[in-house]
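*Asks:* I am attaching a structure below and will ask some questions about it afterwards.
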Amino acid sequence: MDQNSGTPPTADTEMDKVFEPASYEQKWQRYWTEQKIFELPPEGEGPTFCIMIPPPNVTGKLHIGHALQSALQDLLTRWRRMQGYRALWLPGTDHAGIATQLMVERQLESEGSSRLELGREAFLERVWAWKENFQGNIRHQLDLLGASCDWSRERFTLDEGLSEAVAEAFVRLYEEGLIYRGEYIVNWSPKLNTAISDLEVEMKEVRGKLYHLEYPVEGSDETVVVATTRPETMLGDTGIAFHPEDERYQHLLEKAAILPLVGRRLRFVADEVVDQEFGTGLVKVTPFHDPNDFEMGQRHGLDSVQVIGRDGHMTAAAGEEFAGLDRFEARRKIIERLREEGVLIRVEDHLHNVGHSQRSGEPVEPLVSTQWFCNVSSMADRALNAVKDGELQLIPDSWNKTWEHWLSNIRPWCISRQLWWGHRIPAWYAPDGEVVVARSEEEAKRLSGRDDLRQDEDVLDTWFSSGLWPFSTLGWPRDTADFRSFYPTDVLITGYDILFFWVARMVMSGLHFTDRLPFSAVHLTGLVRDAEGQKMSKTRGNTVDPLDLIEEYGADALRFTLCILDSPGRDIPLDPERMAGYRGFCNKIWNAARYALSRVGDAEVQESLDHEELAAPERWILSRLDATAEQVNAKLEIFRFDEACSLLYHFFWGELCDWYLEFTKPALGAGGEAGDAPRPRVGEVVLTVLDRSLRLLHPVMPYLTEEVWQRLPGYQKVQPTSIALAPFPDGKAGWRDEVVEEQVAALTELISRVRNLRQELGVGSKDAVRVEVSSETPGMDAFLEEQRPLLAFLCRLEEVAVAPAESEGEREDRLVARDRVSGVELVVVAPKKDLGEAERQRLEKDLAKVEGAIASTEKRLSNESFLAKAPDSVVAGARAQLQELEERRLQLKASLEG
RNA sequence: GGGAGGUUAGCUCAGUUGGUUAGAGCACCUGCCUUACACGCAGGGGGUCGUGGGUUCGAGUCCCCCACCUCCCACCA
């Protein structure tokens, strides 16, 4: 690395009035990369923390859901890094078999070419080129988002190491008898021309028809009626089934029906799966084209006839009349023919569910095919128990039941795909039919002692390789330093939509191959929706590009919005107006720093502060800071990103800016005429509080915090290179001070009340107002005496008297309002004004409300069970409340009477 | 047919083990360009917490019924 580039690009420029994220975001991303801040050496000291990115498909660009997940992962990684962990967020991409192949095929189509024309090898070259292009895009987008991934460890599911892991896993499962090859009914996608797994089939409700067909029974005048939604499959019927206990049909057992149009004999069989109540209680059986019928066929030894081919067109076995027709065309034609023959006796509307190929949209064609399968039931049991025993935590845990249900009803997983893009199945065939499964061709030859082997043409389901992701990325099956350091990983953050596709398979394979869970917690995010809660989709046209949002609001505002909206178990309605609000928060942070830097003179950030020597406002904000830091850490420990962000927002804006920075104005000479009230070390405290607040905010808002932090004089004492490496405040600075927190709480309430009274009494901002306060709380009067300048400044008062010997009385031209706030008696003396009608109405309404509250509190306090059973603190609270309400009532009455 | 989640202010959502007058952002009303911030400041209005029961001194919070909305799973042809 160039030595000169190691200098932080500190901005010693003037701060603009409005923050401009575009002016610094890329600068810092470059700096972090150059400094290799997120790259971890292979060996290191201290505890480790690891998150694996859910690898995005190389097919495209990141969408808002990726932005959400990345923001959360980066938040956790940065937080742990600042806490001193060797924190690794490992990035990578998924080859995404079908999806990517389709994209490239579409591209070829537009060039007037095709995959078949190119041939396998040339086609794969094209896909690799495509992948190189998009992989770069994804990295670029994560960079823009501020992701602190370790790019030196980037992986791709088809790279050499991961391919080795895939072959190893396949061979081991084969040797254990858990992977096998066989002829079974599978979900076939005619459009994709491949088998797909059960998970890739989406059930859709379809308005169809139920066709009632009448078949003659052989050797009698009797006929039987069967009902079907797919009349075209009748050409492949080889039996008719009824329930074993169905009295109506027992006599048919030894007989056969004759299949119209075809003339085939159909055996009658008795089988439990038939529902006596449905239709006539008789079911036509088409073993080749229906999963149920396939099983029935096996149970009863029925023949199997393929009438629909893999391309979705009728086969020769369907008869000349139909051969070559598309399956839906064939349906129309068969209905016509059946009607002519008088076989079709009734048609009724029928609402039913039909499996569709999730990726290509057309109805799936179940058919019998030779494929590779993985028997996952034993692995599923372990995965199931991991959640049951609490070793694996699903967040939110409402997913536990779904997890249990899915895993306990799991069926063999069809893992072979008739595609080109993917991990070629590590099985080789000899001309005589011998099958050799091995890690490589060399191994296959060595094992079998022959070299006339041909590798299986098919590839593996994409999810087979992603299922190994948490350990294959760390070097498994080799025993690498990274694998030893970072496996098992800590937490997985992903969307609930791939809980079974991916999460369950990682858990199963992790337990199987490494004997450990790949992570101990899974934080499932909701779906990002639009402001109205609608699902984002291209067809709806309501999608948003995270890059556009970054441009408009800044990466930090986007990240903060996503993180604060991530509440467990709910989808995320992404409202641009809300994001604008959080952009305002970024601007607030910027301007707080701008204020501080313009007022602190030559003060610097302090690593520690002796809060004994500080005045109450300083002790108060340090105490609040410590409390906030502690709470934020606690929330992050339990993955409550939303609450952690809320805490930060309210601390920074509601306490630091709204109150503390205002408290500093008289002391820092920004208070105009009310200024000139020196207090010790205010500048140091302002800078130190900002320093720590920025550190607390850094995991959510990396750019803004780095930019501002490196402007704070003395930040180098904390960490010379980057805020990303500065310690995360843990709330244990020893600044907590319950007494001062209570006192300042009383002060802020007092100030709010005085401001509110001014408005109620119709007193203008330029009128001279005198306030008298006094309290019986020990120490409070002394405290208020000290804070007189603040009270005067923040309420624009002419005069403040603490516990005056004599209260100013009422006069013709002025009024006196009395109230009681937080145990402090309050008297406001102001020029008499006429109440506006609106104000009068408001006060009357208020009075009614207060009187209602008094009545209900009195009722509660006169209830003996309440007094006897409620805790003392609650009863005391009610009494205190009643007293305050009474004061308020008197005050309101006084205001109304003028 | 199973299962999960939701129903709280005009909108989108928080709400800890049940405990004062239920919160936030945006929107709305009033007054402010108060030398950090109009992407701002101060003040304010607005909710019988989906319906109906129950437990309790006390229920948005716990229990039951119902209604409506969302989603997931499922081989009734």
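*Asks:* Classify the range A:351-434 as rounded, prolate or oblate, taking a ≥ b ≥ c as the square roots of the eigenvalues of its Cα gyration tensor: rounded when a/c is under 1.5, otherwise prolate if a/b is larger than b/c and oblate if not.
*Replies:* The shape class here is oblate.
*Asks:* Let me ask you something else. Among DSSP bridges having both ends in chain A, what percentage is antiparallel? Round to the nearest 5.
*Replies:* Looking only at bridges with both residues in chain A, the antiparallel portion is about 70 percent.
*Asks:* Continuing with this model, one more query. In whole Å, what is the distance between the alpha-carbon centres of the range A:598-652 and the range A:269-335?
*Replies:* Taking the Cα centre of the range A:269-335 as reference, the centre of the range A:598-652 is 71 Å away.
*Asks:* Also, I was wondering about something else. What does the charge add up to near residue A:699, with Lys and Arg as +1, Asp and Glu as -1, over the other residues with Cβ less than 10 Å from its Cβ?
*Replies:* That sum, taken over residues with Cβ under 10 Å, equals +4.
*Asks:* I need the shape label for the range A:62-186. Rule: rounded when a/c is under 1.5, else prolate if a/b > b/c, else oblate, with a, b, c from the alpha carbon gyration tensor.
*Replies:* oblate
*Asks:* If you count, for each residue, the other Cβ atoms within 10 Å and average over each peptide, how do A:57-68, A:523-534 line up from highest to lowest?
*Replies:* Top of the packing list down: A:57-68, A:523-534.
*Asks:* Now a separate question. So, counting K/R as plus one and D/E as minus one, what does the shell of residues with Cβ under 15 Å around residue A:172 add up to?
*Replies:* Taking every other residue near residue A:172 into account, the sum is -4.
*Asks:* Another one. Express in whole angstrom the spacing between the alpha-carbon centres of the range A:404-480 and the range A:506-520.
*Replies:* Cα centroid of the range A:404-480 versus Cα centroid of the range A:506-520: 19 Å apart.
*Asks:* Over the Cα atoms of the range A:1-146, how large are the radius of gyration and the largest Cα-Cα distance (Dmax), in Å?
*Replies:* 20.0, 62
*Asks:* Right, here's the next one. What three numbers, in Å, describe the spread of the alpha carbons of the range A:443-549 along their principal axes, ordered from the longest?
*Replies:* Result for the range A:443-549: principal-axis Cα extents of 65, 36, 25 Å.
*Asks:* Cα gyration tensor of the range A:746-888, axes a ≥ b ≥ c as square roots of the eigenvalues: rounded (a/c below 1.5), prolate (a/b > b/c) or oblate?
*Replies:* Details: a/c = 2.59, a/b = 1.43, b/c = 1.81.
It comes out oblate by the Cα gyration axes.
*Asks:* Let me ask something else about it. So what is log10(I(q)/I(0)) for the range A:506-548 at q = 0.17, 0.20 1/Å, when the Debye sum runs over its Cα atoms only?
*Replies:* Results for the range A:506-548 at q = 0.17, 0.20 Å⁻¹ read -0.63, -0.67.
*Asks:* Also, quick follow-up: Where Rh denotes the Kirkwood radius from the mean inverse Cα pair distance, what is Rg over Rh for chain A?
*Replies:* Result: Rg/Rh = 1.11.
*Asks:* Relative to the Cα centre, what is the charge dipole magnitude of the range A:332-460, using +1 at the beta carbon of each Lys and Arg, -1 at the beta carbon of each Asp and Glu, and rounding to the nearest 20 debye? Each step should come with its number before you reach the end.
*Replies:* Details: 17 positive and 22 negative charges, 37 e Å.
The dipole of the range A:332-460 has a size of about 180 debye.
*Asks:* Now for a different question. Nearest 20 debye, what's the magnitude of the dipole of chain A about its Cα centre given +1 on Lys and Arg Cβ and -1 on Asp and Glu Cβ?
*Replies:* On the way: 103 positive and 151 negative charges, 120 e Å.
So the dipole magnitude of chain A works out to roughly 580 debye.
*Asks:* Taking only C-alpha pairs under 8 Å that are 6+ residues apart, what is the relative contact order of chain A in percent?
*Replies:* Relative contact order here is 12 percent.
*Asks:* Next question, about the same structure. With charges set only on the Cβ (+1 for Lys and Arg, -1 for Asp and Glu), what does the dipole of the range A:503-647 come to about its Cα centre, in debye to the nearest 20?
*Replies:* Details: 17 positive and 24 negative charges, 161 e Å.
Using only the charged Cβ atoms, the result is roughly 780 debye.
*Asks:* Please report how far the C-alpha centroid of the range A:698-716 lies from that of the range A:59-113, rounded to the nearest whole angstrom.
*Replies:* Result: 28 Å between the Cα centres.
*Asks:* For the pair residue A:220/residue A:333, report the inter-label distance in nm, with labels modelled 7 Å from Cα in the Cβ direction.
*Replies:* Placing both labels 7 Å along Cα→Cβ, they lie 3.5 nm apart.
*Asks:* What is the mean projected area of the alpha carbon convex hull for the range A:177-219, to one decimal in square nanometres?
*Replies:* 7.1 nm²
*Asks:* For every helix of n ≥ 4 consecutive DSSP H residues, a contribution of -39,500 (n - 2.57) applies; sum these over chain A, divide by its total residues, and give [θ] at 222 nm rounded to the nearest 500 deg cm²/dmol.
*Replies:* That comes out to -13000 deg cm²/dmol.
*Asks:* Longer than 19 Å from Cα to Cα, which of A:401/A:635; A:388/A:635; A:61/A:538; A:204/A:401; A:766/A:845 are they? Say none if no pair is.
*Replies:* Among A:401/A:635; A:388/A:635; A:61/A:538; A:204/A:401; A:766/A:845, the Cα-Cα distance tops 19 Å for A:401/A:635; A:388/A:635; A:204/A:401; A:766/A:845.
*Asks:* Less than 16 Å apart at the alpha-carbon level, and either on another chain or at least 8 residues along: which aspartates and glutamates does that give for residue A:717?
*Replies:* Partners found: A:602, A:604, A:607, A:684, A:691, A:706.
*Asks:* What Kirkwood radius, in Å to one decimal, follows from the Cα pairs of the range A:132-277?
*Replies:* 21.5 Å
*Asks:* Can you find, among A:212, A:156, A:178, the residue farthest towards the positive end of the dipole of the range A:154-226? Put +1 on the C-beta of Lys and Arg, -1 on that of Asp and Glu.
*Replies:* With unit charges placed on the Cβ atoms, the residue in question is A:212.
*Asks:* Round to the nearest 10 and give me the degree value, 0 to 90, for the angle of helix A:576-599's Cα axis relative to the longest principal axis of chain A.
*Replies:* The angle comes out at about 40 degrees.
*Asks:* For the range A:730-735, in order, what is each residue's ³J(HN,Hα) by Karplus, 6.51 cos²θ - 1.76 cosθ + 1.60 with θ = phi - 60°, in whole Hz (x at glycine and Pro)?
*Replies:* 10, x, 10, 7, x, 9
*Asks:* Just going by the charge dipole of the range A:518-615, with Lys and Arg at +1 and Asp and Glu at -1 on Cβ, which of A:526, A:585, A:537 is farthest out on the positive end?
*Replies:* A:537
*Asks:* For residue A:289, what residues show an amide H to amide H distance below 5 Å, using hydrogens built from the backbone and excluding near sequence neighbours?
*Replies:* Counting only residues 5 or more places away or on other chains, the set is empty.
*Asks:* Same structure, new question: Taking just the alpha carbons, could you work out the radius of gyration and Dmax for the range A:526-666, both in angstroms?
*Replies:* Looking at the range A:526-666, its Cα Rg and Dmax stand at 18.5, 64 Å.
*Asks:* Then there's this: Hey, if you put +1 on the Cβ of every Lys and Arg and -1 on every Asp and Glu Cβ in the range A:768-898, which of A:848, A:881, A:805 ends up farthest toward the positive end of that dipole?
*Replies:* A:848
*Asks:* In the range A:694-779, which GluC sites (Glu not before Pro) fall in coil by DSSP and have 11 or fewer other Cβ atoms within 10 Å? List each step's numbers first, then the result.
*Replies:* Details: sites: A:706, A:707, A:738, A:741, A:742, A:749, A:760, A:772, A:776; in loops: A:776.
Passing sites in the range A:694-779 are A:776.
Only the coordinates and a few stated rules stand behind these numbers; no lab work does. Every value quoted in this text rests on a predicted model; they were computed, and no experiment measured them. Ideal geometry is used to build each Cβ from the backbone, glycine not excepted, and the neighbour counts take in all protein chains shown.
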